[in-house]
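What follows is a set of notes on a single structure, which appears directly below.
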Amino acid sequence: MRGATHAKWAACAAAVALAATACGGGGSSDSGGGDGSAVLSASWGDPQNPLEPANTNEVQGGKVLDMVFRGLKRYDPKTGKAEDMLADKIETTDSQNFTVTVKSGWKFSNGEAVTAKSFVDAWNYGASLKNNQKNAYFFGYIEGYDKVHPDSGSQSATTLTGLKVTGTDTFTIKLTQKFSTFPDTLGYAAYSPLPSTFFSDHAAWLKKPVGNGPYTISSYTKGSQMKLVKWDGYTGTDKAQNGGVTLKVYTDNNTAYTDLMAGNLDLVDDIPASQLKNVKSDLGDRYINTPAGIIQTLAFPYYDKNWNKSGSEKVRQGLSMAINRDQITTTIFQKTRTPATDWTSPVLGTEGGFQDGLCGDSCTYNPTEAKKLVEEGGGLPGGQVKITYNADTGSHKEWVDAVCNSINNALGNDKACVGNPVGTFADFRNQIGQHKMTGPFRAGWQMDYPLIQNFLQPLYYTNASSNDGQWSNKDFDKLVDQANAETDTSKAIKLFQQAEGVVRDNMAAIPLWYQNGSAGYSERLSNVALNPFSVPVYNEIKAG
Amino acid sequence: MGRYVVRRLLQMIPVFIGATLLIFLMVNVMGDPVAGLCGERQCDPATAAQLKREFGLDKPVWQQYLTYMGNVFTGDFGTAFNGQKVTELMATAFPVTIRLTIVAIVFEVVIGITLGVLTGLKRGRPVDTTVLLLTLVVISVPTFVTGLLLQLLLGVEWGWIKPSVSPEATFSELIVPGLVLASVSLAYVTRLTRTSIAENRRSDYVRTAVAKGLPRHRVIIRHLLRNSLIPVVTFIGTDIGALMGGAIVTERIFNIHGVGYQLYQGIVRQNTQTVVGFVTVLVLVFLIANLLVDLLYAVLDPRIRYA
C-alpha cells in the first residue's frame, strides 16, 4: 500500500502547513433563503471567441448569450418549439417576404428601448464581412448578403438590402429564396438585438456585454469568472427565479465535479466521463441525463473515387450494420448516448420530424449481414477503413477504437478498421477542409435551432456549409428545395423526411448515436433542467 | 564580475532567438489554426481569409517570425483568438504562477534543506532511513496522483480546504497545490543536501571549526551548510523555470488559471501568439534563473571568482 502511506504522509505535511495559516475554505453560503435572491455558482469554460451574438458558435459563450439576450423567438426549454418572445407577429404570404412587428416596452439593461432598428443594425453588423463574425452565414438567406459578405474579395455594401426598417417597431425581411420555416430560426442567439452602445463603444461593450435578457453582467474577468445578477427591470415573462449566477471557468471538468462534491459549486453541466460510473450513487436525483440536439455520425469523403462508386453504398450500409451501437453506448458512454435510428434528433419530437427507426435494419447490429453487404459492395476500399478523429478533446479515441473493434469482429478481420488520430481539432478541421480524408471521419452536429431542416440541409445539400464529405444527390436537393418553398409547416416536414429517406438509401453518413446533455447539482438547487441545446435553463433554477 | 554578467547577458540573445524560432516553427507545423475556430463546421472562406490576414497568418513563416520578433521588442505580443491581448493574458497568468512557484520553492528550501541536514548528520540512524524511504515514495508517485489524492482527502472527505483555487489565487489557497508541485523536487533537495552534508562533515575545515570550540549550530550553519549548498542551489535555480512551465498538471487539478492553463489553451486552440508569447517569457525566466544561480556560487564560496 504505497499509495496509502504516501497519502498519510502528505496529508500530515499539509495539515502542518494548514495549521500555520488558518485553514482556508468555509462555505460561502448565501443566506438568500427561498425568496429568489440567492446566487448560484455554475461551471463554465472559457469562450473561444469574443462574446458577440453573431460571433459565438460554441456552448460556453452560448450560455451567457442565453442569459443576457432575448430575441424575436425563443425555443421552449422543454419542447424546443419556437415561440414568440420579442416578436409580436411575423407575417408572410409567400414564405419569402416577412413583416416583423416587435413588441413595444422592451428595454436593454442600460435603459435603451429595443426597437426594430436594434434588430436590423445587429443583423447588418453580423452579416458584414469586415466584422469577422463566425455566424455570418446565418444571414445568408437575406437578400443582399452576397454584396455584404462575398465569398472572396471585398464587400461592396455595408447593409443588407433585404432588411428595411418601416417603423419604430416594424421591419421587413426579404429572402433570396422561399424558406417557410425561416421565422422559427430566429430564436438563435445570432439574431439577438443589440443596443447602440455596441456600435459606439465596442471595446467597452465586449468587456461587459449589455443585453435585454433576464440577467445583467455585473463583472467579467476573462478566463476566470463572470458574475451575472438578476435584472429587476426585465419585462419578459421568464424572469430569473434566482438572484444571479456566477459562472466559474474550470480548467478540467473533473475539478468542477470535485468542487460540486465538496459543496463548493452548485451546478456542473458536463459530467466527466470518468465519473459517469459513480454519478448516480454520488448525486441520486440530482443527476440529469436528457437528450440534446446533437447527433454523431461517421461521414465519408465523396471526393475520393473509392467511396463514390456504384456499390459503395452497400459497403457503407455494411459498416453501419457492423457497429454494435447498444454495447458501445452502454459500456463506453454509460448511457449518456442513445443509439441513433435516424439522422435527426429526438429533441425535435415526432411532430418536428424525428422518426424513430427510419434507418431500419441498416442501423441494427447484424454481423453476418454486414459481412455479406461489404463483400457485395466490392469490399473495403484498399482493404481497410481508417476512421479519422481529433485526439485532443472529447475522448474520441475510446469510441473510435470500440467502433473499429466492433467492425473487425463482424467482418472477421483484425485489420479491417483502425483509428487514425489527428493531434488537434484545428488540424483535424484543416485536413477535412482540404479534402485530405481517405476514409470515414468523425462528424458531430449540434443543431443551431430545433428544426429538421437544420439536421439535413447544412450537412447533405450540395455544397452546403457543413457538407464536409461533399455528398451530392439531385433527388435530395430537389426535396429540400420543395420543403423550403412549402408554406404549410407539416407538409414541409414531410418533404424533409422524404429527403432524409434519400440520405438513408444512400447511407450518406452512418448515424452513430444521439448525445445527451448531462448535469449534476447541489442540494441547494431545485427546478434544474437542460434545454434541447444541453444548456441549463438558468433563469428557472431556484436556489435556497 | 560585471564583465561576467554582461557576457552572460549577451549569450542570452542567441539562445532567446533560437528558442523562439523553434517554438514558432513547431506551432506553425500543426497547420492552419483558423480551421478550428468555427467549431464543427467549415469557416466561410471570406471570413477565414480575413481572419488569417488579421492575424498575419497569410504570410510566409519567416516573415511572420520577423514581424512577431519586431513587435515583441516593442512589447506587443499579439492578440489571442478570443480578442484578448497576449500581454493581458500574461498579466493575469504570471502573478498566479509566480505565487505558486514561490510557495513551492519555500517548501523545497525549508522542508527539503531541513530534512537534508537532519538526515545528513544522522546518517544510518532510523530518522535517516525513514526520510530516505519517504523521499523514494514521493519521487516514484506521479504528481497527478499526489494532487488528486490530496484534493480528494483534504477537499472532499475532510473539508479542510476548497478543492479548487479561486481566481484571486491567494497564498493561503496555494499552499496545498504548492506542496504538490514541490513534492518531487523537495525529495531531490533532501537527498542532495543529505549527501553533500554527509560528505563535508568529515572535511578538514569542519574539524578545524569544531576544534576551535565553536558552538555546534554555528559549525553546522556557517561552515558545513554554506559549503554544502552549492549543488542544492544549482538544482533549485534550474527548478524555478521548470516549476513555472511545468505546473500544468498541478494547475489543471486545482483549477489554477496560471501559465500552464494558458499554455494548454493556446496549444489546444493552436494559438501561435499565446504559445510563443508565454514560451518566450519562460525562456527568459530560465536564463535569468541560471544567471542568478551562477552569481550565487560566488557568494556561497568566495573561492569561486568570475573574470
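The values are calculated or read from the model by the stated rules, or taken from the named source; none is laboratory data. Nothing here was measured: the structure is a model prediction, and the numbers come from that model. So basically every Cβ, Gly included, is an ideal-geometry build from the backbone, and we count neighbours across all protein chains shown. Please note that ligands, DNA and RNA were not included when accessible areas were found on the heavy atoms of the full protein model with its side chains. Shrake-Rupley method; radii C 1.70, N 1.55, O 1.52, S 1.80 Å.
Data table
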| read-out | value |
| --- | --- |
| Unit Cα scatterers, Debye sum, segment B:1-143: log10 I(q)/I(0) for q = 0.09 Å⁻¹ | -0.58 |
| Solvent accessible area, Å² - A:Met261, 1.4 Å probe, full protein context | 60 Å² |
| Relative contact order %, chain A, counting alpha carbon pairs below 8 Å whose residues are six or more apart | 19 percent |
| Percent of Cα pairs exceeding the 15 Å cut-off, where the set is segment B:1-79 | 67 percent |
| Proximal aspartates and glutamates relative to A:Lys436, as straight alpha-carbon distance under 17 Å, when same-chain residues fewer than 8 apart are discounted | A:Asp304, A:Asp427, A:Asp468, B:Asp32, B:Glu40 |
| Calculated FRET value between B:Arg7 and B:Thr170, using beta carbons and R₀ = 41 Å, to 0.05 | 0.50 |
| Whole-angstrom gap from segment B:17-57 to segment B:98-121, using each part's C-alpha centre | 43 Å |
| Distance from segment A:109-177 to segment B:244-260 (C-alpha centre basis), Å | 43 Å |
| Where A meets B: accessible area buried, both sides, 1.4 Å probe, Å² | 5500 Å² |
| Helix-derived mean residue ellipticity, 222 nm - over the protein assembly as shown, DSSP H n ≥ 4, -39500 (n - 2.57), to 500 | -13500 deg cm²/dmol |
| Debye-sum result for segment A:139-278 in log10 I(q)/I(0), which assumes one identical scatterer on each alpha carbon, at q = 0.10, 0.20 Å⁻¹ | -0.59, -1.24 |
| For segment B:161-210, residues shielded by at least 40 square angstrom of accessible area compared with the chain on its own, probe 1.4 Å | B:Lys162, B:Pro163, B:Ser164, B:Pro167, B:Ile175, B:Leu179 |
| Shielded residues, segment A:108-132 - accessible-area loss of 10 Å² or more between chain alone and all protein chains, probe 1.4 Å | A:Leu129, A:Lys130, A:Asn132 |
| For chain B, built as a Gaussian network whose Cα springs stay under 10 Å, the top-fluctuating residue of B:Gln64, B:Gln262, B:Gln273 | B:Gln64 |
| Estimated Rh, segment A:222-261: Kirkwood, alpha-carbon pairs, angstrom | 12.2 Å |
| Euclidean distance of C-alpha centroids, segment A:251-269 and segment A:388-412, integer Å | 29 Å |
| Where N is the number of residues in segment A:234-311, Cα Rg divided by 2.2 N^0.38 Å | 1.78 |
| Sulfur and carbon atoms: percent of accessible area, chain B [1.4 Å] | 68 percent |
| Surface per residue (accessible, 1.4 Å probe) for segment A:270-332, Å² | 43 Å² |
| Local electrostatic count at B:Gly39 - Lys and Arg +1, Asp and Glu -1, tallied over other residues with Cβ under 10 Å | +1 |
| Surface accessible to a 1.4 Å probe, per residue, for the residues of segment A:173-258, Å² | 34 Å² |
| Distance violations [Cα-Cα > 23 Å] among A:Lys280/A:Lys335; A:Lys335/A:Lys397; A:Lys73/A:Lys227; A:Lys78/A:Lys239; A:Lys335/A:Lys386; A:Lys178/A:Lys494 | A:Lys73/A:Lys227; A:Lys335/A:Lys386 |
| Square roots of five times the Cα gyration tensor eigenvalues for segment B:190-263, Å | 40, 11, 9 |
| For A:Lys117, solvent-accessible area (1.4 Å; no DNA, RNA or ligand), Å² | 120 Å² |
| Backbone N under 19 Å from the A:Lys335 label point (7 Å along Cα→Cβ), restricted to segment A:518-535 | A:518-521, A:530 |
| With DNA, RNA and ligands ignored, accessible area of A:Tyr137 (1.4 Å probe; Å², nearest 10) | 60 Å² |
| Rg in Å to one decimal, and Dmax rounded to a whole Å, for segment B:200-307 via C-alpha atoms | 20.6, 65 |
| Percent of alpha-carbon pairs separated by more than 17 Å within segment A:376-430 | 41 percent |
| Sequence-distant aspartates and glutamates (8 or more away, or on other chains) whose Cα lies within less than 18 Å of A:Lys89 | A:Asp76, A:Asp169, A:Asp184, A:Asp488 |
| Cα-based radius of gyration of chain B once divided by 2.2 N^0.38 Å, which approximates compact folds | 1.22 |
| Within chain B, longest stretch free of exposed chymotrypsin sites (Phe, Trp or Tyr not before Pro) [DSSP loop, at most 15 other beta carbons within 10 Å] | B:1-157 |
| Hydrodynamic radius by Kirkwood, which averages 1/r over all alpha carbon pairs of segment A:380-466, in angstrom | 14.5 Å |
| Probe 1.4 Å, accessible area per residue of segment B:247-307, Å² | 37 Å² |
| Under the span-like rule (Cα at least 24 Å along the axis, Kyte-Doolittle mean at least 1.0), DSSP H helices of chain A | none |
| Neighbour net charge for B:Asn82 - beta-carbon separation under 13 angstrom, K R +1, D E -1 | +1 |
| Reference-scaled alpha-carbon Rg (2.2 N^0.38 Å with N residues) for segment A:79-164 | 1.22 |
| Entries in A:Lys63/A:Lys248; A:Lys103/A:Lys130; A:Lys117/A:Lys147; A:Lys63/A:Lys542; A:Lys130/B:Lys59 that, when Cα-Cα distance is taken, lie over 23 Å | A:Lys103/A:Lys130 |
| Chain B: angle of helix B:86-107 to the longest principal axis, Cα-based, in degrees nearest 10 | 20 degrees |
| Lysines with Cα under 17 Å of A:Lys309, excluding same-chain neighbours fewer than 8 positions away | A:Lys474 |
| Spacing of the two label points (7 Å from each Cα toward its C-beta) at A:Lys542 and A:Lys147, in nm | 5.4 nm |
| Cα pair distances of chain A binned at 10 Å [whole percent] | 3, 16, 26, 25, 18, 8, 3, 0 |
| Sulfur and carbon atoms: percent of accessible area, segment A:450-544 [1.4 Å] | 44 percent |
| Cα→Cβ-extended label distance, 7 Å offset, between A:Lys207 and B:Val106, nm | 3.3 nm |
